[in-house]
Amino acid sequence: MQRSRNRADTGTGHVVVIGGGIAGLAAAHRLLGTGLRVTLLEATGRLGGKLMTGAIAGTRVDLGAESMLARRPEAVDLARAVGLGDRLQPPATATAAVWTRDELRPMPKGHVMGVPGDPAALGGVISPEGLARIAQERDLTPTAVGDDVAVGAYVADRLGREVVDRLVEPLLGGVYAGDAYRISMRAAVPQLFEVAREGGSLLDGVQRIQQQAAGRQQTGPVFQGIDGGIGTLPDAVADAVRAGGGELLTATPVLGLTRTADGWDVRTDTRVITADGIVLAAPAWSASTLLAAESPAASAELAGVEYASMALVTLAFRRSDVAATGALDGRSGFLVPPVDGRTIKAATFSTHKWQWVADTAPDLFVLRTSVGRYGDEDHLHREDGELVGVSLRDLAEATGLAAKPVDTEVTRWIGGLPQYPVGHLSRVARIRDEVAKLPALRVCGAVYDGVGIPACIASAHRAADEIAADLAGGTAGEIIATATLVQGTRSEAGQ
């Protein structure tokens, strides 16, 4: 097998990044800013992970994640750093609905992940009996939460199951494709967990969160998209990495990691690459396999991470065929509570939500549905045509849409979203503690600090900064300052 050169040959530290999703790409980009040499290895034939664009009826659309949280800076900053700043675009509308009890009802305002501060905002979604149950909350004794608690269990205890089943569940499901009665409050909704730990009324605690948010006077959009699709972000980062001298190899699965006296040997099917440091930005099951020999404890913890699978069904209609469907007007889409027994869990009206989609295809109406949750994935084994059919039936019942699509695309994300059950952050801490015992190796990605794009990028930056500090013998803070300066200079130069 061919063996690559190491730092002794080149005079420059060499880091191998394993995994070419947005976390791996962000880590590579960050590492290059510190002056290190970088090789990124991706097992599949493309980069970007769950960020991907594709074509439907000749129009480019997102077939994976379609937006990124803008109130966290990491994703927006990275997009600007790689030349996409002028293409950032907020949703044209954020007016969503909940399809529940056989009717599309406006999504209530003034809540934190479905948990209200004012029960009056929930009228129409929550029954009179459910509202009466919420009204009793301030008279309840405090609910103990310990080190962690499931979001659904805690909220149901305080406000009743109806709030969880009709609001919290579909909102959390849209993020994690998970089960609210299993998902960790500490990991998924940390501001609510802090309120819960304080004890007292949950309603009052949500009001305090809202007051604090208002006091910060945050301006600008909550979410951002990108003209052309969020799936263009990985390509832009990859181009920036190549321009900075990084090597990106697709269809190159890593078969093994071995510690050496000088660093690491990374074995692929064609060669052994010698590295001074490793950033492991792979899914939990892959990271578990690669760490089995060198860190059995971390490997075992990673093997315990569960994933949910889902499918996205993208549909394109002639706009003239849907013009008379009033339930679509002005909405960005709707969520579907699992308790209602529907097949789809959400629908996004892309033509309404994204101006760039409307402008690119003025004669089309593009929307997409999502199917599949943790523990409810049998639908994913259906043929593409069946998933299109059940999506159309649910859409017709929800909105009255009777048109036939001119094109369809089914995208399956098998093992797409790691689950964050109660105790997840403790598991992450144990993984990082074990990995830290290895020389110049760090982990990052959706498993650790959040499944959203900014959280994945932040995780990548943390890993890259710690590796760079290890190899430079400095501190992570010094490395961050250097990386920021170098990348800012590159951005100003148009690189």
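Restricting to the stretch 369-394, give me the number of residues that are free of Cβ contacts under 8 Å to residues at least 60 places away in the same chain and either crowded, with 19+ Cβ neighbours inside 10 Å or aromatic (Phe, Trp, Tyr) (or both).
From the stretch 369-394, those free of Cβ contacts under 8 Å to residues at least 60 places away in the same chain are 369, 376, 378, 381-386, 389-390, 393-394; that's our starting set.
Okay, now just the ones that are also either crowded, with 19+ Cβ neighbours inside 10 Å or aromatic (Phe, Trp, Tyr) (or both), so 369, 394.
Summing the residues that are free of Cβ contacts under 8 Å to residues at least 60 places away in the same chain and either crowded, with 19+ Cβ neighbours inside 10 Å or aromatic (Phe, Trp, Tyr) (or both) in the stretch 369-394 gives 2.
Looking at the stretch 176-219 only, could you name the residues that are over 23 Å from Leu425 (Cα atoms) and either in contact with a helix residue (DSSP H, G or I) (Cβ under 8 Å, 6 or more places away or on another chain) or in contact (Cβ under 8 Å) with a residue 12 or more places away in the chain (or both)? Steps first, please.
Here is the first cut: in the stretch 176-219, the ones over 23 Å from Leu425 (Cα atoms) are 200-201, 203-204, 207-208, 210-219.
Across the stretch 176-219, the qualifying residues are Gly200, Ser201, Leu203, Asp204, Gln207, Arg208, Gln210, Gln218.
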Original post:
Which residues, counting only those in the stretch 264-309, are over 13 Å from Val254 (Cβ atoms), among the small types (Gly, Ala, Ser) and touching a residue at least 40 places away in the same chain (Cβ under 8 Å)?
Top reply: Gly277, Ala284, Ser295, Ala297, Ala298, Gly304, Ala308, Ser309
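So which strands (runs of 3 or more DSSP E) stay within the stretch 264-333 end to end and still have 1 or more residues that are farther than 30 Å from His14 by Cβ and either at pLDDT 95 or above or open to solvent by 50 Å² or more (accessible area, probe 1.4 Å) (or both)?
Details: elements: 264-267, 271-275, 277-280, 307-318.
Counting at least 1 such residues, we get 307-318.
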Subject >> Candidates Val76, Val15 - the one that is under 21 Å from Leu257 (Cα atoms), surrounded by 22 or more Cβ atoms within 10 Å (Cβ to Cβ) and not charged (D, E, K, R) >> reply: Val15
Original post:
Scanning for something at negative phi, crowded, with 20+ Cβ neighbours inside 10 Å, outside any helix (DSSP H, G or I) and at pLDDT 95 or above, does the stretch 231-240 turn up at least one residue?
Top reply: yes
Original post:
Which residue out of Gly488, Gly477, Gly415 is closer than 18 Å to Val305 by Cβ and at pLDDT below 95?
Top reply: Gly415
**OP:** Filter the stretch 9-57 for residues that are among the polar types (S, T, N, Q) and closer than 14 Å to Gly277 by Cα and give the result.
**Re:** Thr12, Thr34, Thr39
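Does the stretch 82-94 contain any residue that is out of contact with any Leu (no Cβ under 6 Å at 6 or more places or on another chain), farther than 27 Å from Phe349 by Cβ and either open to solvent by 20 Å² or more (accessible area, probe 1.4 Å) or not acidic (Asp, Glu) (or both)?
Applying the first criterion (out of contact with any Leu (no Cβ under 6 Å at 6 or more places or on another chain)) to the stretch 82-94 yields 82-94.
From what is left, the residues that are farther than 27 Å from Phe349 by Cβ are 82-83.
With either open to solvent by 20 Å² or more (accessible area, probe 1.4 Å) or not acidic (Asp, Glu) (or both) added as a condition, the list becomes 82-83.
Yes, some residue in the stretch 82-94 is out of contact with any Leu (no Cβ under 6 Å at 6 or more places or on another chain), farther than 27 Å from Phe349 by Cβ and either open to solvent by 20 Å² or more (accessible area, probe 1.4 Å) or not acidic (Asp, Glu) (or both).
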Original post:
Failed condition for Asp265, given (1) touching a Leu at 6+ places or on another chain (Cβ under 8 Å); (2) within 30 Å of Gly64 (Cα to Cα); (3) of a type in the set (Asp, Glu), with all others met?
Top reply: (2)
**OP:** Please tell me if Ala214 is open to solvent by 20 Å² or more (accessible area, probe 1.4 Å) and modelled with pLDDT of 95 or more.
**Re:** no
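Only one residue in Ala55, Ala26 is modelled with pLDDT of 95 or more, surrounded by 24 or more Cβ atoms within 10 Å (Cβ to Cβ), of a type outside the set (Lys, Arg) and not in a loop (DSSP other than H, G, I, E, B), so which one is that?
On the way: Ala55 fails: surrounded by 24 or more Cβ atoms within 10 Å (Cβ to Cβ).
Among Ala55, Ala26, only Ala26 is modelled with pLDDT of 95 or more, surrounded by 24 or more Cβ atoms within 10 Å (Cβ to Cβ), of a type outside the set (Lys, Arg) and not in a loop (DSSP other than H, G, I, E, B).
From the list Arg158, Arg166, Arg182, which residue is open to solvent by 10 Å² or more (accessible area, probe 1.4 Å), of a type outside the set (Ser, Thr, Tyr), over 19 Å from Thr100 (Cα atoms) and more than 17 Å from the chain's Cα centre (by Cα)?
Working: Arg158 fails: open to solvent by 10 Å² or more (accessible area, probe 1.4 Å); Arg166 fails: over 19 Å from Thr100 (Cα atoms).
Unique residue meeting the criteria: Arg182.
Collect the residues in the stretch 359-412 that are among the small types (Gly, Ala, Ser), within 24 Å of Gly341 (Cα to Cα) and outside any strand (DSSP E or B), keeping them in residue-number order.
Step one: of the stretch 359-412, the residues among the small types (Gly, Ala, Ser) are 361, 370, 372, 375, 385, 389, 391, 396, 398, 400, 402-403.
Cutting the leftovers down to within 24 Å of Gly341 (Cα to Cα) gives us 370, 372, 375, 385, 389, 391, 396, 398, 400, 402-403.
Scanning the stretch 359-412 gives Gly372, Gly375, Gly385, Gly389, Ser391, Ala396, Ala398, Gly400, Ala402, Ala403.
The values are calculated or read from the model by the stated rules, or taken from the named source; none is laboratory data. From a predicted model like this one, the values you see are computed outputs, not experimental measurements. Glycine gets a Cβ as well: all are built from the backbone with ideal geometry, and neighbour counts include every protein chain shown. Calculation scope for accessible area: heavy atoms of the full protein, side chains included, ligands and nucleic acids excluded. Shrake-Rupley method; radii C 1.70, N 1.55, O 1.52, S 1.80 Å.
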